[in-house]
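No value in this document is a laboratory result; all are computed from the given coordinates. These figures come from a predicted structure and were not determined experimentally. As a convention, Cβ positions derive from the backbone with ideal geometry for all residues, glycine included, and neighbour counts pool all protein chains shown.
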Amino acid sequence: MSPTSRLPLDPYLPAIGNPLTIEYDLQHGRVSQVRVSLGYAQRGIEHLAKKQNIWQNLILLQRICGICPISHTLCFCQTLESLAKVQIPRRAAYLRTLVAEIERIQSHLLPLICLAAHLNASSSCLRLLFEAREAAAAMLCLLTGKRVNYDVNQIGGVRVDLKKAEVAKTMLSMLGSFDRPLDEARGSLLRHERLKGLGFLSSQAAESSQATGPVARASGLARDLRKEGGGYAAYPELKFQIPTSSGGDVLARYEIRILEIIESIRMIRQILSSLPQGKLSVDPPPLLLPGQAAGSVEAPRGENHYQLTLSAHLQIEQIKITTPTEYNLEALKMMLMDAQPEDVPLIVASADPCYACLER
Amino acid sequence: MNVAGECSSPNDPRYSQPYSVFVFNAGGCGGCEFEVLSLFLHSQQSEGFRCKFVSQPESADLILLFGSLNREAYQVLKAFFPRFNPSCQRLAVGACAIAGTMFQSAGWIAATCSGTAQGLPHAFNSSWQNPIQEFSPNLYVAGCPPTPEDIWQGLHRLACCGSRLSAEASQGVETNRIEFHSEFCLGCGLCQQICPAQAIRLSIAQELAVGEAGSILVEFNQAACLFCSLCEQLCPTGCLKLSGSGTLIRQRPQEFVVRGCLSLVRCLNCQGWMVAMPKDFIKQTLGSLPDQRWLELCPTCRKIASARYLKTAAEGLQHLHQLIQERGC
């Protein structure tokens, strides 16, 4: 039996540049055991949430992740709204969905950019993908006034409005700018033979490891909270599909992300053409009630789950956040089994772990 | 992009080589990472100054630090220190790295560029060396996250001026993103209460002795500000404005602070200190100024005086209805 060698990827993961430690054992030139350790981005957010008031918590929880900030505040608001038993106005639900879908586009473009950089793709391809992500950021900036960490949600509605018809028109025209980068990514980037069959995750393994988001959908599980259980926000009123693939490999995971971007663009078109009139927020402001509640939303990377208890003084007594990357860590370990060491960065990047969501 | 007035030409020999940048990601939310990544596009589109990201700190002209520097991340940064080129420039980016924002009070953040964080266990703190002495950034770019334009301009400024970065070079470039109109401020302190990042502080400027004019100092730390606009939303008089424009690039963290002063006066009746009433605001809201004596009473005395003036509650309500009908509001 050949000796086992232990190799750490630390403190920055290759291909994604995240401060996260992945340590693996090599046996006969193949990965045999994987350990993930955390600690570089720990900020104590759940601890802080118990000290601050509800308004401040909205701003704090948004800073869990700069790539998918609205999924966190949306989940928090929906949980509290279910506790207070309020129905938000339709316009607010549509605006929340609009921001969440633009966010999904820019979040899904990030792993594609990382892949392009890792595979040494042509600079034109990399530039096109970067420009697409800039377009998504510009759309968010038009709508909310900020490119990242846009404080959109409030309990009972939203804080921003799409007042001018020109803004909607500009955003509609900007949606066209995603076509070329996506074609380029499919045409050149995903043609790499290397990606096929790499990091295979069977649907049984995805099921047993509780994989979520694009990772689960690329293994053939049609899991999406936007459809499941009637959906939330404005999703029940929109026409869209949940793309799935039976591939289960690195290639399938990237293809699913591209298909989801196309679905998101379809949804944004529907929202912008049929944005209902009405109030932005519940008037008068909702009366919060103490109690225990849980809620989940479909963040770009998968299921985001909040469980919280509100005390009689309307302070958060207990809060537990479960993020998609946490669900997907077990799946990531399964994918890495028996992989060759040179493929490890690619497989890790295809699962798109987010260090900021993982350790709060 | 004319920063120092001397490096605007694209043919400058300093532009022949791209400026190499080593990015130290100290955790945080990833927002700064996104904005730093988009510098790639700025570099591709620029004709003059360009930059490239390097993976070896030895070969870097500039070390860019962002993120909430917690204990684990600080150990990594410390391990990197001996590998930095001694002549390299250091740039600190983002609210977490410069001021720590709300994460300071959670006790996880080891250090920020403007000082050692609060809330650390004492045993841990005693042997602590403040990284500001070791890392000592040459330039700070604040924001949550900072705009790519600001980071780009900061990089450019450090690349051009280097160690000769003088006060004149940066003068006239800096503008604030927080506007504070002290003539409208009531000094109620709501903004200080709501600020999630503890970036707003109201303090009495000096010990007040009898017969002395005092003032309240209002400080907004733009380095810690998250630009969430909660204070702007809550402010009853609208004396606070967060503008989308403004460059937040400074050489010292203290320079990010926007200050305003509220003068204190004595109440006519009880002689207690109170914030002088914002006459401009009252004039704007009511259309005309009420009797001067009303403005010189503190809120408590004003309530007592108005109760005496109106005698009974029924009379007061009638007066209120009359006022509402007159103004039609």
The simple spin-label model distance between A:LEU288 and B:TRP273, using points 7 Å out along Cα→Cβ, in nm, is 3.4
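Take the alpha-carbon positions of chain A, form their convex hull, and give its projected area averaged over all directions (one quarter of the hull surface) in nm².
In nm², the orientation-averaged hull projection of chain A is 17.9.
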Got the relative contact order for the stretch B:237-300 handy, in percent, Cα pairs under 8 Å and 6 or more residues apart? 26
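When the Kirkwood radius is taken over all Cα pairs of the stretch A:77-142, what Stokes-Einstein diffusion coefficient follows at 10 °C and 1.306 mPa s, in µm²/s?
On the way: Rh = 14.0 Å.
Rounded, D is 114 µm²/s.
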I need the Debye-formula profile for the protein assembly as shown: one equal scatterer per C-alpha, no solvent, reported as log10 I(q)/I(0) at q = 0.05, 0.10, 0.12 1/Å, two decimals. -0.27, -1.03, -1.42
Order B:178-184, A:111-117 from most to least packed using the mean count of other Cβ atoms within 10 Å. A:111-117, B:178-184
Here P(r) for the stretch A:223-360, Cα-Cα distances in 10 Å bins, as whole percents, is 9, 28, 32, 21, 8, 1
So what's the angle, to the nearest 10 degrees on a 0 to 90 scale, between helix A:90-118 and the longest Cα principal axis of chain A? 20
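What ranking, highest mean first, results for peptides A:331-340, A:65-74 when packing means the other Cβ atoms within 10 Å averaged over each residue?
On the way: A:331-340: 19.8, A:65-74: 26.7.
So the order, starting with the most tightly packed, is A:65-74, A:331-340.
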Counting other chain Cβ atoms within 10 Å of each Cβ in A:143-156 and taking the mean gives 4
Rounded to two decimals, the Debye log10 I(q)/I(0) of the stretch A:201-298 (Cα scatterers, no solvent) at q = 0.22, 0.25 Å⁻¹ is -1.13, -1.29
Gain in span if fully extended, B:ASP291 to B:ARG201, counting 0.36 nm per residue against the direct Cα distance: 29.2 nm
Rounded to the nearest 10 degrees, what's the angle between the helix A:250-273 long axis and the longest principal axis of chain A, both from Cα atoms, 0 to 90? 20
What is the calculated FRET efficiency for A:GLN204 to A:GLU330, with r their C-beta to C-beta distance and R₀ = 22 Å, to the nearest 0.05? 0.95
Can you tell me the Rg and Dmax of the stretch A:10-104, counting just the alpha carbons, in angstroms? 18.9, 60
Distance in nm between A:SER123 and A:ASN53 label points, each 7 Å along Cα→Cβ, equals 5.3
Give the Kirkwood hydrodynamic radius (Å, one decimal) of the stretch A:28-165, defined as one over the mean of 1/r across all pairs of different Cα atoms. 17.3
For labels at A:ARG191 and A:LYS85 in the simple 7 Å Cα→Cβ model, what's the distance in nm? 6.1
Take every Cα pair under 8 Å in chain A that's 6+ residues apart, average their separations, divide by the length, and report that relative contact order as a whole percent. 26
